[in-house]
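Engineer: One structure, pasted below without further comment.
The values are calculated or read from the model by the stated rules, or taken from the named source; none is laboratory data. Just so you know, these numbers come straight off a predicted model, no measurement behind them. Methodologically, a virtual Cβ is constructed for each residue, glycine included, from the backbone with ideal geometry; neighbour enumeration extends over all protein chains shown. Accessible surface areas use protein heavy atoms only, side chains included; no ligands, DNA or RNA. Shrake-Rupley method; radii C 1.70, N 1.55, O 1.52, S 1.80 Å.
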Amino acid sequence: MKTYKIFIIHLFLLCSLSLSAKDYKASLFGVKSDGITLNTRSIQKAVDYISENGGGRLVFYVGRYLTGTVELKSNVTIQLEEGAVLVGVPSIYDYFGLNGTNALITASGQENIGITGKGVMEGQGAALQNVIKEQVQKGYLKGLIAQTSPLLICFNNCSNVTVEELNLRDACGDVQSYKGCKNLTVSKATIRSKAVAGSKGLLLSGCDGVKLSDLFFDTTGIEISSAGTSKDLSVVNVK
């Protein structure tokens, strides 16, 4: 009888652990991998659902997933498996920023979030820059030019953040920005972005507990803001 009770308890614990780290296939939410369908609403719906139901990973498998801005929510990780490409749509009107900075993936005031996997985030920077210039010439973006170049990642005032094993490429401006974040890890990633002159691979400002490791930059590089210089910053094998 004791053995039976122990088995039941063990099984319950295993089930609890599996539920707390649940994976959700992006396709279950109607997300298409054809590189043509705009998936912004479907991906956001998936992120919202996962966050509201205890958290987990939103998993993208092989394919090209076109999207505009997605707001990442607490306890959600976007997992890009090898062969999965999250592609920024070349339309400036499909991007927004929570704190005045447009980005493909954005978050503000969230916790336990991440973007991981050996897949790719692709900004289509050159194409998007051409669209921006065209809209400026037509007078539609007058006065907003400083906010129009979307980053790939922009997280503000978030905690327990993991960005790992990604290939980040062809941003429309700077690649990634982290402001006021705590317990931030960016590791095992390759950042290539030369679509825009002067593009910086990583911006840090006022963050605590930052670990940067095994990063390769083919951009201008890293910038740490002098205003609120990051505390507890560890940099290992970054080049």
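Engineer: Out of the residues in segment 8-26 that are open to solvent by 80 Å² or more (accessible area, probe 1.4 Å) and at pLDDT 50 or above, state the one that is nearest to residue 120 (Cα to Cα).
Structural biologist: 25
Engineer: Go through (1) closer than 22 Å to residue 224 by Cα; (2) of a type outside the set (A, V, I, L, M, F, W, C); (3) in a loop (DSSP other than H, G, I, E, B) and name the single condition residue 140 misses.
Structural biologist: (1)
Engineer: If you take the residues in segment 46-73 that are closer than 20 Å to residue 97 by Cβ and of a type in the set (Asp, Glu), which one is surrounded by the most Cβ atoms within 10 Å (Cβ to Cβ)? Don't jump to the end; show me each part of the working.
Structural biologist: So in segment 46-73, the residues closer than 20 Å to residue 97 by Cβ come out as 47-48, 51, 66-73.
Narrowing the set further to residues that are of a type in the set (Asp, Glu) leaves 48, 71.
On the way: 48: 14, 71: 17.
Among those that are closer than 20 Å to residue 97 by Cβ and of a type in the set (Asp, Glu), it is 71.
Engineer: Taking segment 95-126, which residues are assigned to a helix (DSSP H, G or I) and either touching a helix residue (DSSP H, G or I) at 6+ places or on another chain (Cβ under 6 Å) or open to solvent by 40 Å² or more (accessible area, probe 1.4 Å) (or both)?
Structural biologist: 126
Engineer: Consider residue 109 against the criteria (1) free of Cβ contacts under 8 Å to residues at least 40 places away in the same chain; (2) more than 14 Å from the chain's Cα centre (by Cα): it satisfies all of them except one. Which criterion is unmet?
Structural biologist: Result: residue 109 fails condition (1) only.
Engineer: Every residue in segment 34-69 that is small (Gly, Ala, Ser) and within 22 Å of residue 172 (Cα to Cα), please. Steps first, please.
Structural biologist: Step one: list which residues in segment 34-69 are small (Gly, Ala, Ser), which gives 35, 42, 46, 51, 54-56, 63, 68.
Scanning segment 34-69 gives 35, 63, 68.
Engineer: For residues that are modelled with pLDDT under 90 and of a type in the set (Asp, Glu), tally how many sit in segment 116-150.
Structural biologist: 1
Engineer: Just need a number here: residues in segment 72-94 that are touching a helix residue (DSSP H, G or I) at 6+ places or on another chain (Cβ under 7 Å) and either free of Cβ contacts under 8 Å to residues at least 12 places away in the same chain or of a type in the set (Ser, Thr, Tyr) (or both).
Structural biologist: 2
Engineer: Next question. Only one residue in 199, 193, 205, 177 is of a type in the set (Gly, Ala, Ser), open to solvent by less than 50 Å² (accessible area, probe 1.4 Å) and under 14 Å from the mean Cα position of the chain (by Cα), so which one is that?
Structural biologist: 177
Engineer: Still on this structure, please answer the following. How many residues are among the small types (Gly, Ala, Ser) and in contact (Cβ under 8 Å) with a residue 60 or more places away in the chain when one looks only at segment 174-198?
Structural biologist: Total satisfying the criteria: 3.
Engineer: Moving on to the next point. Can you find even one residue in segment 74-94 that is in contact with a Cys (Cβ under 9 Å, 6 or more places away or on another chain), under 20 Å from residue 201 (Cα atoms), modelled with pLDDT of 90 or more and open to solvent by less than 20 Å² (accessible area, probe 1.4 Å)?
Structural biologist: yes
Engineer: Condition first: assigned to a loop (DSSP other than H, G, I, E, B) and either within 21 Å of residue 99 (Cβ to Cβ) or not aliphatic (A, V, I, L, M) (or both). Now tell me which residues in segment 173-195 satisfy that.
Structural biologist: 173, 174, 175, 180, 181, 193, 194
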